[in-house]
Amino acid sequence: MRKSLRWLVSLSVLIGTVGSTGVATAADTETDRTTSVADSQSTDTQSTDTQSTDIKDRLLAIPGMSLIEEKPYAGYRFLVLNYEQPIDHRRPWAGTFQQRISVLHKDTDRPTVFRTSGYGLSTTPSRAEPTRIVDGNQISMEYRFFTPSRPAPADWSKLDIWQAASDQHRIFTALKKIYGKKWLSTGGSKGGMTATYYERFYPRDMDGVVAYVAPNDVVNNEDSAYDRFFANVGTQECRDRLNGMQREALVRREPLQKKYKEWAESEGATFNTVGTLDKAYEAVVLDFVWGFWQYYGEGVCDQIPDAATASDDTVYETIDAYSGWAAYTDQGLEYYTPYYYQAATQLGSPTIQQPHLAGLSRYGYQPARNFVPSSIPMRFQPQVMRDVDNWVRKNAHQMLFVNGQNDPWSAEPFRLGKGARDSYVYTAPGANHGANVAGLADAEREKATARILAWAGVPAPAVQAAQPLARFDARLDKPVDEDVTREHGVRP
């Protein structure tokens, strides 16, 4: 399904990881390392791991760190690792789990960017925009409870933004001994949210934050900003074309559901979590307009068929291309259970009105709770996002938020208050969920690039030039939200 979205990066799930090494911590500096080697040359039985200057040896000398694989890439070392983490950072003695991270190593004398997706970890080398701008190292982290970085058994109460921020803090603390220069955190979409939450709880760790298209759902039950967005985005002609196709899919619910059922049976797809095929069908249809603006935009609106004259097959295939019939099957939801759990307990999730579907929609925008197995208990905590929003407004320091003008998730952005220092909120004109610094208006792009370079501690002439220090590499430099498989559904 969703042939038009195959260009999005797939998540590689690696099987067969190795255990923790338990080797002594590496020395803090190369000088200490050289001295250690000289002092121990006469001791044949002494371990050589802490004496090596090879980056893999230094990483594996960190207690709890173990190697999954190393992949060659010109100009870098790329390693995928497991790091042993407490299940509960408040009770570190009460069990651990293996959390995957990756290291894109340039040089210990370069700045380091800590990248999060808020989802799983791609094991293909890639480079976030700030990593290219500062020509630095990059550490990437798989978010807790996304497989395989899930405790067993899974105590879902230990999946919250503070525990995840504490995962990052512990990784940073371990790696700062090796990467001693400036650090920046970054992420796109839920990764941008993750970088922001990390800053809220551990504001002394990073030297700067670059958060892309990060939604900020302060009050979960107040989503009128999204309604205003969909009433005004693009042209009236494009909105009418999209709304007409979405409406037609509900008008033709019976014949199209027959196709859906036949597809589900052929694929072995089931609907136990959401409850019924009918609920899943409508959830996919209601995502159609959102998915179009999140990933595409006005430039391809003329490719949406005229709903009034389209055949059943055309309507079915068009909805599939932009929403994806697999999204709300049990199989499509399984990977995203940690996200929907967080949306239903802390993050919040959008509800939009879609008045053009009046009389046709049976369920409306369904709450995130509907997409998590009923066996997992949960309770919404309305104070959590209010706390983060209040902290950002009053305390943001060296933080940059980049939003997309035509991105639905940017309808509820982070905002800065009087207490913010050296922090900025910019919107990329015409951009969707792939908004980045390069897409900003000229003056804002130069300002943002200069601040990122300054926060990373690069020399003043480079800051003044306000240009990325590394050349663009089409294989490495992917859009901000390509960390995870996208089977669509309304997810940041």
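The values are calculated or read from the model by the stated rules, or taken from the named source; none is laboratory data. No experiment lies behind these values; they were computed from the predicted model shown. Backbone-built Cβ (ideal geometry, glycine too); neighbour counts: all protein chains shown. For the accessible areas, the whole protein counts, side chains as well, though only heavy atoms, and no ligand, DNA or RNA atoms are used. Shrake-Rupley method; radii C 1.70, N 1.55, O 1.52, S 1.80 Å.
Observations
- Applying the criterion of being modelled with pLDDT of 95 or more and within 26 Å of the chain's Cα centre (by Cα) to the residues of the range 63-72, the residue that is surrounded by the most Cβ atoms within 10 Å (Cβ to Cβ) is 65.
- Among the residues listed as 244, 268, the single one being under 23 Å from residue 432 (Cβ atoms) and either modelled with pLDDT of 95 or more or surrounded by fewer than 20 Cβ atoms within 10 Å (Cβ to Cβ) (or both): 244
Listed here are the residues, each with its yes/no results for (1) crowded, with 16+ Cβ neighbours inside 10 Å; (2) over 12 Å from residue 491 (Cα atoms); (3) free of Cβ contacts under 8 Å to residues at least 24 places away in the same chain.
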| position | (1), (2), (3) |
| --- | --- |
| 298 | yes, yes, no |
| 311 | no, yes, yes |
| 314 | no, yes, yes |
| 320 | yes, yes, no |
| 339 | yes, no, no |
| 343 | yes, no, no |
| 346 | yes, yes, no |
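- Restricting attention to the range 77-97, the residues being closer than 30 Å to residue 492 by Cα, open to solvent by less than 60 Å² (accessible area, probe 1.4 Å) and either outside any loop (DSSP other than H, G, I, E, B) or touching a strand residue (DSSP E or B) at 6+ places or on another chain (Cβ under 9 Å) (or both) number 10.
- Filter pass, residue 284 being more than 29 Å from the chain's Cα centre (by Cα) and outside any loop (DSSP other than H, G, I, E, B): no
- The residue of the range 133-167 that is most open to solvent (accessible area, probe 1.4 Å), among those that are more than 15 Å from residue 376 (Cα to Cα) and over 19 Å from the mean Cα position of the chain (by Cα), is 135.
Residue by residue, here is whether (1) under 15 Å from residue 216 (Cα atoms); (2) open to solvent by 30 Å² or more (accessible area, probe 1.4 Å); (3) within 19 Å of the chain's Cα centre (by Cα) holds:
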| site | (1), (2), (3) |
| --- | --- |
| 377 | no, yes, no |
| 390 | yes, yes, no |
| 403 | yes, no, yes |
| 407 | yes, no, yes |
| 418 | no, yes, no |
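- Assessment of the range 135-151 against the conditions (free of Cβ contacts under 8 Å to residues at least 12 places away in the same chain, at negative phi and of a type outside the set (A, V, I, L, M)) yields no matching residue.
- Residue 176 meets each of the listed conditions (1) open to solvent by 40 Å² or more (accessible area, probe 1.4 Å); (2) in contact (Cβ under 8 Å) with a residue 40 or more places away in the chain apart from (2).
- Test: residue in the range 111-119 that is open to solvent by less than 10 Å² (accessible area, probe 1.4 Å), over 25 Å from residue 454 (Cβ atoms) and assigned to a helix (DSSP H, G or I): no
- Here is the figure for the range 247-265: residues that are out of contact with any Asp or Glu (no Cβ under 8 Å at 6 or more places or on another chain), over 16 Å from residue 322 (Cα atoms), open to solvent by 40 Å² or more (accessible area, probe 1.4 Å) and not β-branched (Val, Ile, Thr) total 5.
- The selection criterion, being modelled with pLDDT of 95 or more, hydroxyl-bearing (Ser, Thr, Tyr), open to solvent by less than 20 Å² (accessible area, probe 1.4 Å) and out of contact with any Leu (no Cβ under 6 Å at 6 or more places or on another chain), holds for residue 449.
- Note on the range 359-416: residues that are in a loop (DSSP other than H, G, I, E, B) and more than 21 Å from residue 490 (Cβ to Cβ) amount to 8.
- Subset of the range 348-365 that is among the aliphatic types (A, V, I, L, M) and touching a residue at least 60 places away in the same chain (Cβ under 8 Å) - its residue that is nearest to residue 243 (Cα to Cα): 357
- Subset of the range 219-229 that is outside any loop (DSSP other than H, G, I, E, B) and open to solvent by less than 40 Å² (accessible area, probe 1.4 Å) - its residue that is nearest to residue 389 (Cα to Cα): 225
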